[in-house]
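Comments concern the structure below.
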Amino acid sequence: MKEKGVIILCCILLFYAMLSYKIYTEQKDKNAAKDYATTKEVPKNGELYNTWIKEGENKKLTAMVNDRLYEFTLNKKISKLENVVADLKIKNGIVKKIVLKEDYITGKVLSRDDKQIEIEGYGKLSYGKGYTVYKTYEKLEQLGKEDVLVGYEQAKFVVAGKKVCAAVLEKPFQVGNIRVLLRNNNGKDVYHNTVELCGDTELTLISGKEKKTYKKGKHILITGNKKSFGKGKRIKIQAANGGKIKVLSIKRGRKSPSYRGSLELTWEKGLGMLVVNELSLEEYLYAVIGSEMPISYGAEALKVQAVCARSYAYKQLIHSGCSTYGAHVDDSVSYQVYNQQPECAETIQAVDSTKGQILQYKGEAITAYYFSTSCGYTASAKEVWGTDQENYLKGTVQYDGGKQRDLSKEKNFKAFLKEDIESYDKDFPWYRWNVTVNVNTLSEAINQSLSERYEKNKHWILTKQADGSYASKPISNIGEVTKISVLERGKSGVLKAIEIQGKKKTIKVISEYNIRTLLAPTHATIYRQDGSQVDGLDMLPSGFCAIEENRKKGTFTITGGGYGHGVGMSQNGTKTMVDKGYTYKEILKHYYQGAKIVEIQE
């Protein structure tokens, strides 16, 4: 009996072992096939446009749809297919017809928007129905239009019927040149009616197949019309032997700037000319550093600025924010100020000594925001822009040995503004400031900007309803301001939301930018901590401020600290940290927590 019991027990154990193995192998098979799906998850009837066929033979094929691989059954046998684009016609879940698209073109992308793409040598081409972008290196993926970069020849384009049906990225992006849109009229316009220029070396103008050479110093005037551009709508200007091109029709300060690299002019009838400067990323930075930070701050501070500026530019280059205009960035404060101050030995040294260095967080280039002066605290990206993706941009106290504090309560923040702490920024004029505005002037400023702010941020300008709730509704006038209340601050103290009561309407204003713009002291004098005065700012110096009403005098006094959005690196704080002996790498670590310095190759 004992032996029989042992045998039964062994049989039971064997059964469970076999069952466990079956479950394990089934799960293993599922894991191995997790990137594939059945035709149940795609339309049973219809047409799939510009599908990437990974492989196919006989009556089976594997294709990518909506960034997933699917296995399809065909109604008849086919020869071997591999890595091609095709339209698939499906009926009752079976692929009835395959229309291969095997015509490819290549070329530098000159501009791109949601409707068309301009490719060098081919002009502007519309997207075909179902235009798709595929990345085929490392791991097959389906990407978006924005992943095809302007200024680069990185893709093969599948064409059919004079339309671009798909783009295929076969190798990783490698940074090279950056394209900068040069704005006109002190940064207000993107179009130029005329462009006058000369070179410090011989210049060559190329329009289509035509080339024309001009001697050093010769003034050239280009007008936006058919006569200047001929059959083409693009003129390229190159300087010989690495020379510079001086654009006499543009003023930066009181001078006309000179540019490295080449210039491209495009003409759009009825609008004018766009001017794009293409040059290497490193050379671009030569003329950014001095335009964003005083040269007098010294070599180490300029290195900090160089790494921040390179990181920011690299990130913008990848996203091509000005792709409609054929550029990655423009030369204004919307991106980074470029060539407002010319390059010099100090800026070149700062760029060269940090060559290729950018900041990365979790393997991706960061958006290295920076600003002028902190109030003694920096803000997180979430507090200022409502995004929590930039975890390396956290609000931090700005003095040695300072502990993190919660300044979200009015009492705490107002007390902080009066504290005498050894902040890195404390000796700079914008560290503390105040402005008093009368009710009429403030009301006029708010009502002038209100409609524009609403149109740009419909969910961040809300009108109070009869039941006390807020709703997004068009609004252009709240009447005379009667009260301003702080609804929310971030832990750094920055304003996140305020309520402005008017005699006609009451609104809730969200985000420090909207608050700073609506409360702009355009017709008032701002007093800085050193006694200096600044008039006519089109927005408040910062969102780190407190608002007090004086009903007897009919005024509002705004007291604040710092200058700029307050996220990332404080340029004046950097100056002090350098003076204290911090290295540029230590400073970057302080302002961009968790980010690492890595080197990219051109």
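Filtering the stretch 384-442 to residues that are among the acidic types (D, E) and within 16 Å of G560 (Cβ to Cβ) leaves E410, E419, D425.
Taking the listed residues Y314, Y338, the one that is closer than 27 Å to R254 by Cβ, among the aromatic types (F, W, Y) and either assigned to a helix (DSSP H, G or I) or in the same structural domain as A299 (by TED's automatic domain parsing) (or both) is Y338, with no other qualifying. Does A327 count as assigned to a loop (DSSP other than H, G, I, E, B), surrounded by 22 or more Cβ atoms within 10 Å (Cβ to Cβ) and not hydroxyl-bearing (S, T, Y)? Yes; evaluated as a whole, the condition is true for this residue. With respect to (1) among the β-branched types (V, I, T); (2) part of a strand (DSSP E or B); (3) touching a residue at least 40 places away in the same chain (Cβ under 8 Å); (4) under 18 Å from T266 (Cα atoms), the lone exception for T204 is condition (3). If you filter the stretch 390-422 down to residues that are surrounded by 14 or more Cβ atoms within 10 Å (Cβ to Cβ), in contact with a Phe, Trp or Tyr (Cβ under 7 Å, 6 or more places away or on another chain) and of a type in the set (A, V, I, L, M, F, W, C), you find that the one that is modelled with the highest pLDDT is L407. Only residues that are farther than 16 Å from V494 by Cα and touching a strand residue (DSSP E or B) at 6+ places or on another chain (Cβ under 7 Å) were counted across the stretch 394-423, and they come to 1.
K188: in contact with a Lys or Arg (Cβ under 9 Å, 6 or more places away or on another chain) and of a type in the set (K, R), yes or no? Here the answer is no, as K188 does not meet what is asked.
Please verify whether the stretch 512-520 includes one or more residues that are farther than 27 Å from K382 by Cβ, modelled with pLDDT of 95 or more and not acidic (D, E). Checked against the condition, which is being farther than 27 Å from K382 by Cβ, modelled with pLDDT of 95 or more and not acidic (D, E), the stretch 512-520 yields no hits at all. Scanning the stretch 112-156 for residues that are surrounded by 15 or more Cβ atoms within 10 Å (Cβ to Cβ), over 21 Å from the mean Cα position of the chain (by Cα) and small (G, A, S) yields G128, A155.
Within the stretch 478-488, the presence of a residue that is of a type outside the set (D, E, K, R), under 23 Å from E383 (Cα atoms) and touching a Lys or Arg at 6+ places or on another chain (Cβ under 6 Å) is excluded. Among the residues here, V180 qualifies as outside any loop (DSSP other than H, G, I, E, B), in contact with a strand residue (DSSP E or B) (Cβ under 6 Å, 6 or more places away or on another chain) and not assigned by TED's automatic domain parsing to the domain that holds R252. Does S469 satisfy being under 26 Å from the mean Cα position of the chain (by Cα) and of a type in the set (G, A, S)? Judged against the criteria, S469 is not a match.
Check whether at least one residue in the stretch 436-445 is in the same structural domain as I510 (by TED's automatic domain parsing), surrounded by fewer than 12 Cβ atoms within 10 Å (Cβ to Cβ) and part of a helix (DSSP H, G or I), and report yes or no. So far as the stretch 436-445 goes, no, none of its residues is in the same structural domain as I510 (by TED's automatic domain parsing), surrounded by fewer than 12 Cβ atoms within 10 Å (Cβ to Cβ) and part of a helix (DSSP H, G or I). Of the residues making up the stretch 233-269, those that are within 20 Å of I348 (Cβ to Cβ) and hydrophobic (A, V, I, L, M, F, W, C) are A239, I245. For the stretch 446-462, the criterion of being in a strand (DSSP E or B) and touching a Leu at 6+ places or on another chain (Cβ under 9 Å) is met by at least one residue.
The values are calculated or read from the model by the stated rules, or taken from the named source; none is laboratory data. All values reported here derive from a predicted model rather than from experimental measurement. Glycine also receives a Cβ, built like all others from the backbone with ideal geometry; neighbour counts cover every protein chain displayed.
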